[in-house]
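Quick notes on the structure that follows.
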Amino acid sequence: MNNRRIIKRLALAAVLATMGLAAYHFYGPDRTVTGKQRGGAGTGVASVPITTAPVRVEDFAIRRRTIGILETLATVIVKSRIESQVTEQHVKDGQFVKKGDPLFTLDDREIRATIARDEAQLQKDQATLTRTEADLERYQRLIQTNAAARQQLDQAIAEHKSAQATVEADRALLRTDNLRLGYTKIEAPIDGRVGAVRVTPGNLISVNDSTGLLTITQIAPIRVAFTLAERDFTALRNALSKSVPAAVRVYVAGTNEVLATGQLDFVDSSVDSTSGTIAAKAVFANETLELWPGMYVDVEIDLDVRPNTALIPAVAIQSSQRGPFVFVANSDQKAEMRMVQVIGIEGDRAALQAGVKEGERVIIEGQMRLVDGARVTEVSRPAGDRKAGTADALPEVNSEARR
């Protein structure tokens, strides 16, 4: 029993001696720890490898991105102005037409017969007018020589004026008939695309038909309707009042594929109090017919340009309870924590109102391991391994945060 106790005590002493020796080697005079672990500012601690990017100062486009719906500038329901029968159809479903193109031809025989009758009546009344003119001239000569009574002259004047009025009435009636004759040729009132043709030759049509013969929808140009938050009202109104209205781009919903670029042309006169938004519209030429009424698209508008704005890669920005911040690598090879004010983020880079200066280098890799004042070492990355927004070169396009 005594031998076993001695063996246990010797084993315990050996373990304690080994632990003491290890502690001496780790915390001996050559391995003092005076700073924070993993990138602390104390001496004798390995620095954190980092990658940086420069702060650039450029003009920054203030943009907004939202959802919009495409709508036509004009839609016309084509109806007949007279009751008649369709004799010819010149268009088909879905056809594109120009203003003035023929759509339908109606039966015009009755109207032509009426015109012939009115023309004959006009000729008859013109003959009467000629006779009254001759009578008036004769009585005017006779009255000068007292060969005719004044009453006869007055009667000749009245008959002449009556004949003139009758001729004018005939001419007005003839113009009306000719106008009705023109209604038998139904033409496109606007440029656009024909919808479903609702009548075919042989059908009788009425002026009271609410559905119409067909509908023409204007597609080029076209416009997009969208809304922005109430806080953007002033910027939106200023963008419309410029000599060249603000540019507006539409994208395929959920992508960055630009469909077309147009111009802002309308801002509503009041803010919707229920939603807190302001309505606006933009017009697009749509020459290639990429846009179609009723489509939902993503809309991006250039509201303004902020000059001389500090731009950095967006990956450099971190969040804290005090707000967003970045780490700046200073000349002493230490990380300096800076609180920043972010104006907006576009793609891979962010615009800052304050916190950094042009030429300073912000840390874009390794910043998650840093504290204020940590030692850092710049590590160069292979050119082929750089990602957009993490290298010195920043993207060319910038704007305020999309919404």
Since MET368 meets every condition but one in (1) part of a strand (DSSP E or B); (2) free of Cβ contacts under 8 Å to residues at least 60 places away in the same chain, which condition does it not meet? (1)
Would you point out the residue of segment 267-279, among those that are free of Cβ contacts under 8 Å to residues at least 40 places away in the same chain and surrounded by 13 or more Cβ atoms within 10 Å (Cβ to Cβ), that is nearest to ASP348 (Cα to Cα)? VAL267
Can you pull out the residues in segment 286-317 that are touching a Gly at 6+ places or on another chain (Cβ under 7 Å) and open to solvent by 40 Å² or more (accessible area, probe 1.4 Å)? VAL315
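Quick test for you: out of GLU336, GLU300, pick the one residue that is assigned to a strand (DSSP E or B), of a type in the set (Asp, Glu) and within 15 Å of PHE226 (Cα to Cα). Give the steps one after another, and end with the answer.
Values: GLU336 fails: within 15 Å of PHE226 (Cα to Cα).
Result of the check over GLU336, GLU300: GLU300.
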Only one of ALA156, ALA163 is open to solvent by less than 40 Å² (accessible area, probe 1.4 Å), assigned to a helix (DSSP H, G or I) and modelled with pLDDT under 90, namely ALA156
Which condition number does ASP170 fail, the rest of (1) in a helix (DSSP H, G or I); (2) among the acidic types (Asp, Glu); (3) surrounded by fewer than 17 Cβ atoms within 10 Å (Cβ to Cβ) being met? (3)
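Among the residues that make up segment 187-197, is at least one of them assigned to a helix (DSSP H, G or I) and surrounded by fewer than 17 Cβ atoms within 10 Å (Cβ to Cβ)?
Of the residues in segment 187-197, the ones assigned to a helix (DSSP H, G or I) are none.
Within segment 187-197 (the criterion being assigned to a helix (DSSP H, G or I) and surrounded by fewer than 17 Cβ atoms within 10 Å (Cβ to Cβ)), the answer is no, since none of the residues qualifies.
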Go through segment 141-153 and report how many residues are surrounded by 12 or more Cβ atoms within 10 Å (Cβ to Cβ) and either in a helix (DSSP H, G or I) or of a type in the set (Lys, Arg) (or both). 4
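So, restricting to strands (runs of 3 or more DSSP E) that lie completely within segment 73-139, which ones have at least 3 residues that are open to solvent by 20 Å² or more (accessible area, probe 1.4 Å)? Walk me through how you get there before you give the answer.
Numbers: elements: 75-78, 84-89, 102-106.
Fully inside segment 73-139 and qualifying: 75-78, 84-89.
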List, please: which pairs have Cβ atoms under 8 Å, are six or more places apart or on different chains, and start with a residue in segment 248-260 that is touching a residue at least 60 places away in the same chain (Cβ under 8 Å) and assigned to a loop (DSSP other than H, G, I, E, B) and end with one that is surrounded by 16 or more Cβ atoms within 10 Å (Cβ to Cβ) and not β-branched (Val, Ile, Thr)? ALA253/ASP298
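Could you please find all residues in segment 349-401 being modelled with pLDDT under 75 and open to solvent by 90 Å² or more (accessible area, probe 1.4 Å)? Spell out the reasoning first.
Pass one, segment 349-401, residues modelled with pLDDT under 75: 380-401.
If the condition is that a residue be modelled with pLDDT under 75 and open to solvent by 90 Å² or more (accessible area, probe 1.4 Å), then SER380, ARG386, LYS387, GLU396 are the ones that fit.
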Which of the residues belonging to segment 205-217 are modelled with pLDDT of 95 or more and either open to solvent by 40 Å² or more (accessible area, probe 1.4 Å) or among the polar types (S, T, N, Q) (or both)? THR215, THR217
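Against the definition (outside any loop (DSSP other than H, G, I, E, B) and closer than 24 Å to THR234 by Cβ), how does ALA280 come out, yes or no?
Working: outside any loop (DSSP other than H, G, I, E, B): yes; closer than 24 Å to THR234 by Cβ: yes.
It is true that ALA280 is outside any loop (DSSP other than H, G, I, E, B) and closer than 24 Å to THR234 by Cβ.
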Inside segment 320-354, can you point out the residues that are touching a Phe, Trp or Tyr at 6+ places or on another chain (Cβ under 8 Å) and of a type outside the set (Asp, Glu)? ALA335, MET337, ARG338, MET339, VAL340, ILE343, GLY344, ALA351
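Whether any residue in segment 224-238 is open to solvent by 70 Å² or more (accessible area, probe 1.4 Å), farther than 30 Å from ALA120 by Cβ and out of contact with any strand residue (DSSP E or B) (no Cβ under 9 Å at 6 or more places or on another chain) is what I want to check. Before the answer, list the steps.
First, pick out the residues of segment 224-238 that are open to solvent by 70 Å² or more (accessible area, probe 1.4 Å): 230-231, 234, 237-238.
Filter again for farther than 30 Å from ALA120 by Cβ, leaving 230-231, 234, 237-238.
If we keep only those that are out of contact with any strand residue (DSSP E or B) (no Cβ under 9 Å at 6 or more places or on another chain) too, we end up with 231, 234.
Within segment 224-238, one or more residues are open to solvent by 70 Å² or more (accessible area, probe 1.4 Å), farther than 30 Å from ALA120 by Cβ and out of contact with any strand residue (DSSP E or B) (no Cβ under 9 Å at 6 or more places or on another chain).
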Taking the conditions exactly as written (open to solvent by 20 Å² or more (accessible area, probe 1.4 Å), within 18 Å of THR105 (Cβ to Cβ) and assigned to a helix (DSSP H, G or I)), does LEU179 satisfy them or not? yes
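The values are calculated or read from the model by the stated rules, or taken from the named source; none is laboratory data. Note that the coordinates shown come from a computational prediction; the quantities given were computed from them, not determined experimentally. Heads up, the Cβs are rebuilt from the backbone with ideal geometry, glycines too, and the neighbour counts pull from every protein chain shown. Accessible surface is based on the protein model in full, side chains and every heavy atom, while ligands, DNA and RNA are left aside. Shrake-Rupley method; radii C 1.70, N 1.55, O 1.52, S 1.80 Å.
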